[in-house]
Each structure stands twice: as C-alpha cells, then as structure tokens.
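Q: Below is one structure. I have some questions about it.
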Amino acid sequence: MAKVQDPQMLTANRLRDGEVLYWAKGGWVLGLKDGEVFADPKAADAALAESQRDVKNNTVVATYLFDVRVADGVIKPVKEREIIRAKGPTVRGEGKQASHV
Amino acid sequence: MYRYDEFDAKFVAERVAQFRGQVERRLAGAITEDEFKPLRLMNGLYLQLHAYMLRIAVPYGTLSSKQLRKLAHIARVYDKGFGHFTTRTNLQFNWIKLVDVPDILSELASVEMHCIQTSGNCIRNVTADQFAGATPEEIEDPRPLAEIIRQWSSLHPEFVFLARKFKIAVGATEHDRAALLYHDMAVDIVRNAEGQVGYKVVAGGGMGRTPYIAQTMSEFVEREDILAYLEAVLRVYNQDSRRDNKHKQRIKILINAIGVEEMRRRVDREFAEIKRTGSLQLPAEELARITAYFAPPQFEALPDNMPFGDKAFEDWKKTNVARHRAPGYAIATISLKTVGQIPGDASADQMDMIADLVDEYSLGEVRVSHEQNLVLPHVRQRDLPAIFSRLQALDLAAPNSGLITDIIACPGLDYCDLANARSIPIAQDIAKKFADIGRQQEIGELKIKISGCINACGHHHAGHIGILGVDKKGVEFYQLQLGGSGAEDASIGDIMGPGFGEHEIANAVERVVNHYLAVRKDGERFLDTYRRVGMEPFKNVAYQEQMYAAHTG
C-alpha cells in the first residue's frame, strides 16, 4: 500500500541573522502557525521552486520542505527536529521563534 | 600565558578584515552561499537549527580573566546572555547574527582570541590537561608544546585542506585528563629510561561512527624533532587518506586499514626525509622563548594547611579540589553541572563573576576542561572557603567533579543541526535522579557522557555509561553503552541493545547503577565492576521493565 503523504511546509533561514522562516503565499513569515501548509506535494514543490528566487537574491539560505500534520487547525511537525526548530530549545526560554508558534 | 607577538596580532587583525569583506560581499550577493560556506566555517561560524553558531577557540583551555570578561560581554551584547563550553574546550554562542560576526571577531581580537581552526578540515584547536602547570603529577607543563603546535599548525599551507578535521591533544601526566587516546594524534610528554624528557606520540584515536583507541606511533621522539615527527604523521595522512568516502576520511580509518606497522613505516620514511632537510628542527631557544610565557607564577611561600569547614564545604573539597605543585596552594574545579542546569553553560553574569574570582584568587587565569567545567589553577588553600562561598552565590558550587552528575552532554537536538535527539534534557533528568550528594559519593567515580548523534561530540563512546541519541521515525530513542573510558585506561563502550524512550532512559541508568552498587567489590569503580562482570547482568536489569511488560502484556 502506498504511503500516505503528510502535508508539507517550506522553511529557510534568513541570511543576515539566521532567523527561522516559513513560506506563506509567496513570501516568508516568522511563525510556524502563520506558514502555508501544502496538502498537494506538487504545490509544495512549486513553492520550493519559487522560493529559490530568494536564495538567488541572497535573502534566505537552506530552504527545504518538511512534513506536518494539522489537527483542529493546529499545525504540528511530524519530526521532533522541526517541532524544536519551530519553538526553540526545550531547555531554555530564549527561543526566538517561541512567541510566533 | 602566551601573549600575541606582532606577527600574531597582525595575522588575526588581517583575518578579521578579510572576513568583514567576505560577509559584506555575501550580503551584497557578490558571492553565493556555496562559495561563502567554507569561508565562514574557517572562521568558526556554523548555521545551526535556529540561528548561526559561533565557536571561539580557547587554545589548550587557557583563558585570562580579561578574555573571560570579553566572552561575557559578547554573550550579553550579541547573544542571549550565555555561552556553552564544549568538549574541545571551546566556547559556543548559539544565537549569533551573521551581520554582527565581523564586529564580534574584532572584539575577540582585542583580547587575543579568534575562531580560526574551530571548524573545517584543518588541524583544530589544540587541547591539553586542564591542570597544566599546576599539578604536581606532570613531567612538565604541556602548554608550551601545545602553543608551538598551534603556531606550527595555524594556516599550515600543506594541511589547510585535509581530508577531514584533525584533533591534537597534549598531556604530561600518567593520569590522562585530556582524553589523549581518543584524538587523531596526541603527544604525551614522557621521560625515558635515561631520565631524558621527550614525547610519546599516538595517532588514530577517535569517536564518531567508527570509534578507535589511538595506537603508539613512537615511544620517544626527541624534543627538537617533535614538529618534524608530527609533520611526518600529518603528511602520510594527507597523502594516503581516502577522500572518496566521508565516513572513511579520518586518520583512524587509514591506520586501521593499512595496519599500525605500515603506518609507522610510512611515517618513519617521511620523518627521515624531513630530518634530512633539517627544516623543522625545533630550536632550543625558541622552545625556551615560548616556555617563558608559561613560567609558573610567583607563588607565595606558604605551608600546606588545608582549611576545614561545614559539610557542604567538605563535600566540595573532597571532589573539586586537587593537589597543587606549590605548598599552600590548590587547584579548584568550578562545576558547570549544578543539578538541573545545562552542562557546560555559563551565563554572562557568571562569567563576569568568575573573572573576578580569577583575579582575586587565581593569579588571573582560568582553564576550561574537556569535561565542560572551569578550573581555577592556582588558588591559596586558605582562600578556598571564600571561593566556595562566592561559588555558592553563583550556583556554581556543585560538589560533583568526577561523580555521576558531572555529565558531559553535547548541545544535541535543542541546538544542533546534525543531532538526531536531545542530550541536555536527558542529562538534566539523570542529574535530578541522582541529586542527593550522599548517594553520589556512595556511587563514586562514574562518568556519564551523552551525544545527540553518532558524531559523538558528547564523547558517549568514552563514558563509563555512554548514551547515544538516535532518531526512530522522527521520535527520540537512547542507546546505552557501558564500559567506555577516556582516561589512561581508555576503552570503547559496549552497546547494550535496543534504545530506551525519552522518559525511560534515566530509569534504565538508575537500574544499572543500583546493580553496580549491589555487586561491586571493595574499592571498585563502576568501570572496574563492569570490566569484571560484563554486560549481561547490567543488560538484564536495564531491560527488566520491558521484560516484565512482555511477560504480563
């Protein structure tokens, strides 16, 4: 049986300060909750392709797609890595993304 | 301490200016990320999970109070008010902005510091025994040689683009506090049968995916030949190592592929050639010039008179105070492992206040250990109560050096882009479980080391109890390893079996420790008991909950 593809989101780091960014409607936002969720893998790939514009114009680096699940309107990344990346470290309160989650 | 000469200062200033230009060109789009990445890595700048991380070199773990204050200042102004001391005795800042890095490097240069050789496939920052120059055990202070190796290796044209990184450590005591045998290459200062001081050189140690204990390359290298010999080892490695497979590029793989005898033969051939040209002889006057920077401070003539205090002070003295070479003095370890804290972290305020302590009580110098603690190398015994009291106020007086809560932990998945699992919360859970100091003392020496991935920055292979975080379908699991050691009796820990869940691993560790307490013989450390009884009994108790569940489920 073919594996069901989870929805995806697109992320990057801002070049000048490293801030974690999420793709939303052709641009970037700071919070996971404000990011765009792609149910269709083709749409996700298209967003990744479009985002290369910002790689080329040197505003972001390290773009990639990652899997999420959405329940009751709340986005939760599938992998622990992306949960931590979205919220900041679990061991201190200094995560700069925390206020955006 | 070593002080920059004119050449050092000019070299570092030029590197700062060079990187400032590189950052400007990157931000302006004149160079791509692919072009920029190796340049930033050569200056210790990584892009991690949340932000840029800047790794600052602390050569052979020695810092002045002025340098420590500068690190506190950088933490406060450019980061989030804290830094993390690593198992390479470096300091990492986790929340650095690329645009600030040239200014940070400039600030560092003003106190004779930089980030060169903290990343990339070069000879990395040289480490040494944190008790160097203070312990009565050593043959001589290993730091002059470490400094000479640093100068020789800095931007060495032949070794700037090695197949992989190359780590060197220097020691000078029978008791190895610098994990020499887990280094790509290490120099142990020794005395031969004739009483002459020289260098034993080992190579091929390492952790990571394929751990190995270093093997002896030469039992005794004469003083003036040491750079020639080290260069010979590096040259053979550089010429003969595999560059086609990133997992097989370290010197440990080369030595174990061709055999140590063949490696020695190749090194001896290069060594003879380098000696023939005579270009790398270490002049006695240069060795003396460098050694003079590390001349022992003027110690007061004091009698040995260790003060006594309340139970808290006595507990701390028992584990965190070591014998000094000068009568009336002591070496004091500042534990960065207060139960519940992040191993190796220090806040800007703590750094500033430690710098004050260093000035008042330790002749201006502090050390970083590979076990992620700080050391006051030269304190008067009579000042120990005052130092302890000040450390208590900073929450840095944990009496646990070498005990079960003195845990090494890498930053793990909380910060690191390479990690598969978190390390810090596991260290905190275990430390809380064993927080009772009486229980810690009853257990005795027990080194727990935790890595969040196979790269082993947390030295899990060398832990008496090692813990490796792994990712299973996006969920963190933790493998136990027993029987490792990073000391002179170095060994690689044995893998117990399947991993434990995040909420189970601390309990499994506790069951293992309780079993040790039940079966140990008089005077046995955990490591000794493990070596005597083997894995099986520990495995049985570690997995007992799962076995119970399997039988009753």
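Q: Tell me which residues come under 5 Å, amide H to amide H, from B:SER218 once H is placed; ignore anything under 5 positions away on its chain.
A: Placed amide hydrogens put B:VAL201 under 5 Å from B:SER218.
Q: Next question. Once phi is turned into ³J(HN,Hα) by the Karplus curve 6.51 cos²θ - 1.76 cosθ + 1.60 with θ = phi - 60°, what whole-Hz value does each residue of the stretch B:229-242 show in order, with x for glycine and proline?
A: Here the 3J(HN,Hα) series is 5, 4, 5, 4, 4, 4, 5, 4, 4, 5, 7, 9, 6, 6 Hz.
Q: Over the heavy atoms of A:VAL29, what accessible area does a 1.4 Å probe trace out, to the nearest 10 Å²?
A: Solvent-accessible area, nearest 10 Å²: 40 Å².
Q: Could you list the residues of the stretch B:167-182 with an amide nitrogen less than 19 Å from a label point located 7 Å from the Cα of B:ASP240 in the Cα-to-C-beta direction?
A: Inside the label zone: B:167.
Q: Roughly speaking, to the nearest percent, how much of the stretch B:369-453's 1.4 Å accessible area is carbon and sulfur?
A: Summing carbon and sulfur atoms, their accessible area is 47 percent of the total for the stretch B:369-453.
Q: What net charge is computed for the residues neighbouring B:PRO136, neighbours being all others with C-beta under 11 Å from the C-beta of B:PRO136, Lys and Arg scored +1, Asp and Glu -1?
A: 0
Q: What's the center-to-center distance, using Cα atoms, between the stretch B:379-455 and the stretch B:316-336 in Å?
A: About 17 Å separates the Cα centre of the stretch B:379-455 from the one of the stretch B:316-336.
Q: At q = 0.14, 0.17, 0.18 Å⁻¹, what is the base-10 log of I(q)/I(0) for the stretch B:6-109 according to the Debye formula with one equal point scatterer per Cα and no solvent? Please give it to two decimals.
A: -0.55, -0.81, -0.91
Q: Bin all alpha-carbon pair distances of the stretch B:72-182 at 10 Å intervals from 0 and give each bin's fraction as a whole percent.
A: Final binned percentages: 13, 35, 34, 16, 1.
Q: Consider a paramagnetic label point 7 Å from the Cα of B:LEU155 along Cα→Cβ; state which residues of the stretch B:287-301 have an amide N under 15 Å from it.
A: Flagged as within label range: none.
Q: Ordered by residue, what ³J(HN,Hα) values in Hz, to whole numbers, does the stretch B:88-95 give under the Karplus form 6.51 cos²θ - 1.76 cosθ + 1.60, where θ = phi - 60° and Gly and Pro are x?
A: 9, 6, 9, 10, 10, 10, 9, 10
Q: If you don't mind, another one. Quote the FRET efficiency, to the nearest 0.05, computed for B:GLU33 versus B:ASP8 with a Förster distance R0 of 25 Å and r equal to the Cβ-Cβ distance.
A: 0.20
Q: Considering only lysines 8 or more places apart in sequence, or on different chains, count the pairs in the stretch B:142-290 whose C-alpha atoms sit under 21 Å apart.
A: For the stretch B:142-290, the number of qualifying lysine pairs is 9.
Q: Still on this model: What does the average come to when, for each residue of peptide B:408-417, you count the partner chain Cβ atoms lying within 10 Å of its Cβ?
A: For peptide B:408-417, the averaged partner shielding equals 3.
Q: On a 1.4 Å probe surface of the protein chains, which of B:ARG243, B:ARG55, B:ARG143 comes out largest in accessible area, and what is the full order?
A: Listed by decreasing accessible area, they come as B:ARG243, B:ARG55, B:ARG143.
Q: Hey, another quick one. So how much accessible area does B:GLU224 have, in Å² to the nearest 10, using a 1.4 Å probe?
A: 80 Å²
Q: Stokes-Einstein at 25 °C, 0.890 mPa s, Kirkwood radius from Cα pairs: D for the stretch B:206-328 in µm² s⁻¹?
A: 130 µm²/s
Q: Say the cut-off is 21 Å between C-alpha atoms; which of B:LYS449/B:LYS539; B:LYS37/B:LYS473; A:LYS87/B:LYS97; B:LYS337/B:LYS447 go over it?
A: B:LYS37/B:LYS473
Q: In the neighborhood of B:GLU174, defined by Cβ-to-Cβ distances under 12 Å, what is the net charge if each Lys or Arg adds +1 and each Asp or Glu adds -1?
A: Computed value for this residue: -4.
Q: Moving on. Quick one: how many Å² of B:TYR212 are accessible to a 1.4 Å probe, rounded to 10?
A: Using a 1.4 Å probe on the heavy atoms, I get roughly 70 Å².
Q: Where does chain B land at 222 nm, in deg cm²/dmol rounded to the nearest 500, when only DSSP H runs of n ≥ 4 count, each adding -39500 (n - 2.57), divided by all residues?
A: -11500 deg cm²/dmol
Q: Once you list every other residue whose beta carbon is under 11 Å from the beta carbon of B:ALA506, what net charge do they have if Lys and Arg are +1 and Asp and Glu are -1?
A: Charge balance in the 11 Å sphere: -1.
Q: How would B:VAL267, A:VAL70 rank on accessible area, largest to smallest, probe 1.4 Å?
A: Descending order: A:VAL70, B:VAL267.
Q: Something else now. Using a 1.4 Å probe and counting only protein heavy atoms, arrange B:ILE31, B:ILE407 so the residue with the most accessible area comes first.
A: Largest accessible area first, the list is B:ILE31, B:ILE407.
Q: Using a ≥ b ≥ c from the Cα gyration tensor of chain A (square roots of the eigenvalues), is it rounded, prolate or oblate, where a/c under 1.5 gives rounded and otherwise the larger of a/b and b/c decides, a/b for prolate?
A: Since a/c reaches 1.5 but b/c is at least a/b, the shape of chain A is classed as oblate.
Q: Please list the non-local residues whose amide H lies under 5 Å from the amide H of B:SER119, H modeled 1.01 Å from N, same-chain partners needing a gap of 5 or more.
A: Correct list: B:GLY44.
Q: May I pose another question? Please work out the C-alpha center-to-center distance from the stretch B:242-263 to the stretch B:80-132 and express it in whole Å.
A: Distance between centres, Cα-based: 29 Å.
Q: Accessible area lost on pairing A with B, both sides, 1.4 Å probe, Å² to nearest 100?
A: Approximately 2300 Å² gets buried when A meets B.
Q: What are the radius of gyration and Dmax of the stretch B:225-284, computed over its Cα atoms and given in Å?
A: In order Rg, Dmax, the Cα atoms of the stretch B:225-284 give 12.6, 42 Å.
Q: Tell me, what is the per residue accessible area of the protein assembly as shown in Å², probe radius 1.4 Å?
A: It amounts to 40 Å² per residue over the protein assembly as shown.
Q: In addition: Show log10 I(q)/I(0) for the protein assembly as shown at q = 0.06, 0.11 Å⁻¹, two decimals, from a solvent-free Debye sum over equal Cα scatterers.
A: Scattering profile of the protein assembly as shown, log10 relative to I(0): -0.34, -1.19.
Q: A further question follows. Taking Cβ-Cβ under 4.7 Å as the only way to count a partner, pick out the unpartnered cysteines of chain B.
A: Flagged as lacking a Cys partner: B:CYS115, B:CYS122, B:CYS416, B:CYS453.
Q: Got a sec to turn the phi values of the stretch B:209-222 into Karplus ³J(HN,Hα) couplings, 6.51 cos²θ - 1.76 cosθ + 1.60 with θ = phi - 60°, whole Hz, x for Gly and Pro?
A: 4, 10, x, 9, 8, 4, 10, 6, 8, 8, 6, 7, 10, 5
Q: Ignore the peptide's own chain and count Cβ atoms of other chains within 10 Å of each Cβ in A:85-91; give me the average, rounded.
A: 6
Q: If you average over every viewing direction, what projected area does the convex hull of the Cα atoms of the stretch B:408-552 give, in nm²?
A: The orientation-averaged projected area of the Cα hull of the stretch B:408-552 comes to 8.9 nm².
Q: If you split all Cα-Cα distances of chain B into 20 Å bins from zero, what percentages do you get per bin, shortest first?
A: Final binned percentages: 21, 57, 22, 1.
Q: If you don't mind, another one. For B:VAL126, what residues show an amide H to amide H distance below 5 Å, using hydrogens built from the backbone and excluding near sequence neighbours?
A: Counting only residues 5 or more places away or on other chains, the set is B:TYR60.
The values are calculated or read from the model by the stated rules, or taken from the named source; none is laboratory data. This is a predicted model, so every value here is computed, not measured. Please note: Cβ atoms are built from the backbone with ideal geometry, for glycine as well, and neighbour counts cover all protein chains shown. For the accessible areas, the whole protein counts, side chains as well, though only heavy atoms, and no ligand, DNA or RNA atoms are used. Shrake-Rupley method; radii C 1.70, N 1.55, O 1.52, S 1.80 Å.
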